[in-house]
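Below is one structure, written out as structure tokens, with a few remarks after it.
The values are calculated or read from the model by the stated rules, or taken from the named source; none is laboratory data. Just so it is clear, the structure is predicted and the values come from calculations on it, not from any experiment. Positions of Cβ are generated from backbone atoms using ideal geometry, with glycine treated the same way; all protein chains shown enter the neighbour counts.
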Amino acid sequence: MAVTILIPTALRAFTDRKSEVQAEGATVGEAIRAFAEAYPDIKQHLYQTEDSGTSELRSFVNVFLGDTNIKNIGGLDTKVADGDTIMLVPAIAGGNGE
């Protein structure tokens, strides 16, 4: 399935400044892995690598399929349909506390 992945401004430096890319996969996880393989510099910003060599998305990276957070519908194993849109939303912290 071909899906569109929307890239937040903070991560566009790793995607040749593209705001969206196409990726293939039957699930959200497969599509994100294909995206990360096409843009390897983004991997460290999306995935945490454990000692065992397995990689999981960093806890602060939220992923939406359409308007729905995948945490609520099946996680990375959520099936996608041709033409679906996946949005990556890294949590952003900051401010001066005043």
Mind checking whether some residue in the stretch 78-85 is modelled with pLDDT under 95 and surrounded by 13 or more Cβ atoms within 10 Å (Cβ to Cβ)? no
Report the residue count in the stretch 37-58 for those that are modelled with pLDDT of 95 or more and hydrophobic (A, V, I, L, M, F, W, C). 1
Name the strands (runs of 3 or more DSSP E) wholly inside the stretch 1-64 in which the number of residues that are under 21 Å from GLY83 (Cβ atoms) is 1 or more. 2-6, 20-24
Filtering the stretch 1-21 down to residues that are of a type in the set (S, T, N, Q) and surrounded by 13 or more Cβ atoms within 10 Å (Cβ to Cβ) yields THR4, THR15
Looking at (1) without any contact (Cβ under 8 Å) to a residue 12 or more places away in the chain; (2) more than 10 Å from the chain's Cα centre (by Cα), find the lone condition where ALA36 falls short. (2)
Kindly indicate which of THR68, THR27 is at pLDDT 95 or above and either surrounded by 18 or more Cβ atoms within 10 Å (Cβ to Cβ) or touching a Lys or Arg at 6+ places or on another chain (Cβ under 7 Å) (or both). THR27
Per the filter on the stretch 39-51, residues surrounded by fewer than 14 Cβ atoms within 10 Å (Cβ to Cβ) and not charged (D, E, K, R) are PRO40, GLN44, GLN48, THR49
Here the residues within the stretch 65-79 that are assigned to a loop (DSSP other than H, G, I, E, B) and on the phi > 0 side of the Ramachandran plot are GLY66, GLY74
